[in-house]
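One structure below.
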Amino acid sequence: MKKSFSLFKGVALSKPGFLPFLMTFMLFAAMQVDMKAQSTLTAGSPTSLPAARSLYLQPAGPWTTVPTAKTRLFDAIKGLKNNLAQQTEGTAPYNASLRTYTYYSSILANLEAGKGISESIVAGLEAINNSLQPGITPEQAAAEKNAAVSLLRP
């Protein structure tokens, strides 16, 4: 008769019922690691929010006057229009300039409609998110928002 070799003979692993205990322990350990990862993603200050979540928060702080904001936007739009005329349609620089042109035009239209500067900045994001340009990422929209905020600060 052949004698079988058991690595776990005499060890606690060979006892019945140990395997379900071990599997339960591993399951709870994995759940704790997953819960820790989820809590670190959602915790933090509002400045550390992902771009998609902080996109529609109204920026706070001092703003320039509305007539000055309109003048700055009009000048930026005029420069973007000249830039668009010099670029080839469909290229990445053209699409970036068109996105900025659309965004600034929407902000200007909202300002002329009587909205405040911070409201106009957030409302203008709908124009670039709903425009005919597909594939605008939240990071690109956040970059446009940050550029507009810096343009309209005193």
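Readers should treat all values here as calculations from the given coordinates under stated rules, not as data from a laboratory. Here the structure is a predicted model, which is why all the values come from computation and not from measurement. Using ideal geometry, Cβ is built from the backbone for each residue, glycine included, and neighbour counts are taken over all protein chains shown.
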request  = May I ask for the Rg/Rh ratio of region 76-151, computed from Cα atoms with Rh as the Kirkwood radius, given to two decimals?
outcome  = 0.96
remark   = Between residue 26 and residue 139, Cβ-based FRET efficiency (R0 35 Å, step 0.05) works out to 0.40
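So how much slack lies between residue 81 and residue 33, counting 0.36 nm per residue of separation and subtracting their Cα-Cα distance, in nm?
My answer for the length gained is 12.1 nm.
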query = Given R₀ = 22 Å, FRET efficiency for residue 109-residue 146 by Cβ-Cβ distance, to 0.05?
reply = 0.60
query = If one computes the Cα centroid of region 109-128 and of region 53-105, what distance in Å separates the two points?
reply = 12
remark   = Checking rank on 76-85, 23-32, 98-107, with mean other Cβ inside 10 Å and highest first, the result is 98-107, 76-85, 23-32
